[in-house]
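Heads up, the thing below is written out as structure tokens.
The values are calculated or read from the model by the stated rules, or taken from the named source; none is laboratory data. Since we're looking at a predicted model, the values are computed, not measured. For neighbour counting, all protein chains shown are included, and Cβ atoms are generated from backbone atoms with ideal geometry for every residue, glycine included. Please note that ligands, DNA and RNA were not included when accessible areas were found on the heavy atoms of the full protein model with its side chains. Shrake-Rupley method; radii C 1.70, N 1.55, O 1.52, S 1.80 Å.
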Amino acid sequence: MEEFNTKFTDVNTLGEFGLIDHLTKDFIPQHKSTVKGIGDDAAVIDCGDSCVLVSTDLLVEGIHFDLMYTPLKHLGYKSVIVNLSDIYAMNAQAEQITVSIALSSKFSVEALEELYKGIHEACRIYNVDLVGGDTTSSPKGLTISITAIGKAKKDKVVYRSGAKKGDIVCISGDLGAAYLGLQILEREKQLYLNNPGIQPDLENQKYLLERQLKPEARKDIIDYFLKSELKPSAMIDISDGLASDLMHICKESNVGAYLEEGKIPIKQEAQLMAIKFQLDPVTTALNGGEDYELLFTVDEKDLEKIRLMPSVYIIGEITDRKDGITLHTTGGNIHPLKAQGWNHFNPAEENN
Ligand code: ADP
Ligand code: MG
């Protein structure tokens, strides 16, 4: 009898990025119009004078969101935001989205109306059109897949790959708050599960909770770049965490970098909450993720323009690849930067 190959490889052995590389390595773009395929925040398609940008994200109940503490309206809003953020990370304007949902019978029309109220609100505020999607049933839970479509002049598109030695590393806002908001929600969920009579104690942490439940995408930063004729050399949005996302820029640009610990922006609310959870505030900023700020690099000559930008922090510098990616601590030490990121195949290690 023929022997079947029963040796299967656990997807965890490759990790998320290893798996994507493994599955897609044999797909070589055949069209001249495919300017950038896999490997950046969005794909870039040449359309003559301008480029079209395309980015997709998938949100799965129980993996990316928990309906015990996520209002459906906020979920709809956030689902759009995380996609728009990837278009802005290419220095492009988002113009359309498609929304696909798979849902179990536990969802009522009223519940879905709430979800779509949030989607509508994000479309209104960010000026994007909902132009299609798909709807299907699912044996369990809710899955939302959104595709965002954007546009940019060809010479304005910014990739992860353009950082050069001597460039300045910048971040568009404070980090770590979204992760700490999630920690509060998870703590209250556990307390509630153990004692359903208990009222949640959200400790008046409006900022941290909003950063987790209702984040914003930094369209204002892209608008500012256009207005001040500033083009970053490389850019990415913070979805996995500063450390992991800086590593993407360094890998794609073939450079190293250092961050100055003391310059990483962390709000006081986040500092205090981190300590309360016995976490190092800097570690939450480096590895927390879901902040949806823009991490970008600019040439030294643009330093003055950057200094004029509201809410932009200079946090480090691009170096030679051989120098690695390091953290210069306030105590004067130099540590190699570690990226924890998030392993979406191991729910036990999930951040959300
Ligand atoms: P982001 O965090 O910016 O949304 P991801 O880390 O999800 O980006 O994806 C990295 C790159 O891999 C992107 O170019 C994305 O389009 C691509 N990608 C992710 N999953 C797949 C897949 N299953 N098949 C093909 N390409 C994929
Ligand atoms: Mg991204």
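Taking K25 as the anchor, which lysines have their alpha carbon closer than 24 Å to its alpha carbon, excluding any fewer than eight residues away along the same chain?
Candidates past the 8-residue exclusion: K7, K36, K251.
Quantify, in whole percent, the carbon and sulfur part of the accessible surface of the chain (1.4 Å probe; protein heavy atoms only). Don't skip to the answer; put the middle values down first.
Working: 9590 of 18110 Å².
Carbon plus sulfur share of accessible area: 53 percent.
Dipole size in debye (nearest 20) for the chain around its Cα centre, Lys and Arg Cβ +1, Asp and Glu Cβ -1?
520
Give me the one-decimal Kirkwood hydrodynamic radius in Å for segment 79-211, with the sum taken over alpha-carbon pairs. If you can, show how the numbers build up before the last one.
On the way: mean 1/r = 0.0551 Å⁻¹.
About 18.2 Å for segment 79-211.
Looking at the square roots a ≥ b ≥ c of the eigenvalues of the Cα gyration tensor of segment 202-288, which shape do they give, rounded for a/c under 1.5, prolate if a/b is larger than b/c, or oblate?
oblate
Does segment 135-222 come out rounded, prolate or oblate, given a ≥ b ≥ c as the square roots of the eigenvalues of its C-alpha gyration tensor, rounded meaning a/c under 1.5 and, failing that, prolate meaning a/b above b/c? Could you put the intermediate results ahead of the total?
Values: a/c = 3.20, a/b = 1.64, b/c = 1.95.
Here segment 135-222 falls in the oblate category.
Can you tell me what the convex hull of the Cα atoms of segment 59-126 projects to on average, as an area in nm²?
Over every viewing direction, the Cα hull of segment 59-126 projects on average to 4.9 nm².
Which order do the peptides 321-331, 138-148 come out in when sorted by mean C-beta neighbours inside 10 angstrom, highest first? Kindly include the intermediate steps, with their values, before the conclusion.
Numbers: 321-331: 14.4, 138-148: 18.5.
Going from most to least packed, we get 138-148, 321-331.
For an R0 of 45 angstrom, estimate the FRET efficiency from the Cβ-Cβ distance between T6 and V60 and round to the nearest 0.05.
Details: r = 29 Å, r/R0 = 0.63.
It comes out at approximately 0.95.
Going 7 Å from the Cα of D320 toward and past its Cβ, which residues in segment 223-244 have a backbone nitrogen under 15 Å from where you end up?
none
What helices does the chain hold that run 15 Å or longer along their axis, going by alpha-carbon atoms, with a Kyte-Doolittle average of -0.5 or more, using DSSP H for the helix calls? Numbers along the way, then the final one.
Working: long enough: 72-88 (24 Å, 0.36); 109-126 (25 Å, -0.09); 177-194 (26 Å, -0.10); 242-253 (16 Å, 0.22).
Helices meeting the criterion: 72-88, 109-126, 177-194, 242-253.
Just how large is the dipole of segment 160-349 about the Cα centre, in debye to the nearest 20, putting +1 at every Lys and Arg Cβ and -1 at every Asp and Glu Cβ? If you can, show how the numbers build up before the last one.
Working: 22 positive and 30 negative charges, 37 e Å.
Computed about the Cα centre, the dipole is about 180 debye.
Taking one equal scatterer on every alpha-carbon of segment 160-349, how large is log10 of I(q)/I(0) by Debye at q = 0.09, 0.11 1/Å?
The computed values of log10 I(q)/I(0) come out as -0.35, -0.51.
Order the peptides 166-179, 121-134 from the highest to the lowest mean number of other Cβ atoms within 10 Å of their residues.
Numbers: 166-179: 24.2, 121-134: 15.2.
Peptide ranking by packing, descending: 166-179, 121-134.
Taking the Cα centre of segment 31-156 as the origin, how large is its charge dipole in debye, to the nearest 20, when only Lys and Arg (+1) and Asp and Glu (-1) carry charge on their Cβ atoms? Intermediate results must be reported in sequence, preceding the final value.
Values: 12 positive and 16 negative charges, 29 e Å.
Charge dipole, segment 31-156, about its Cα centre: 140 debye, nearest 20.
Rolling a 1.4 Å sphere over the protein heavy atoms, what is the accessible area per residue of segment 31-156, to the nearest Å²? The partial results should precede the final answer.
Working: 5860 Å² over 126 residues.
I get 47 Å² per residue for segment 31-156.
Using only the Cα atoms of segment 31-156, what semi-axes does the equivalent ellipsoid have when each is the square root of 5 times a gyration tensor eigenvalue? Give whole Å, largest first.
Working: eigenvalues 169, 41, 28 Å².
Over the Cα atoms of segment 31-156, the semi-axes work out to 29, 14, 12 Å.
Per q in 0.27 1/Å, what log10 I(q)/I(0) does a Debye calculation on the alpha-carbon atoms of segment 86-159 return?
With no solvent term, the Cα-only Debye profile gives -1.22.
How far apart, in nm, are the 7 Å Cα→Cβ label points at F17 and I275?
3.3
Using only Cα atoms, figure out Rg for the chain and give it as a multiple of 2.2 N^0.38 Å. Each step should come with its number before you reach the end.
On the way: Rg = 20.8 Å, N = 352, 2.2 N^0.38 = 20.4 Å.
So the chain has a normalised radius of gyration of 1.02.
Obtain the nm distance between the two label points defined at K251 and F27 by a simple spin-label model: each point lies 7 Å from its Cα along the Cα-to-C-beta direction.
1.7
Please report, in whole Å³, the volume per residue of the convex hull around the C-alpha atoms of segment 1-72.
On the way: hull volume 13.6 nm³, N = 72.
In segment 1-72, the Cα convex hull volume per residue is 189 Å³.
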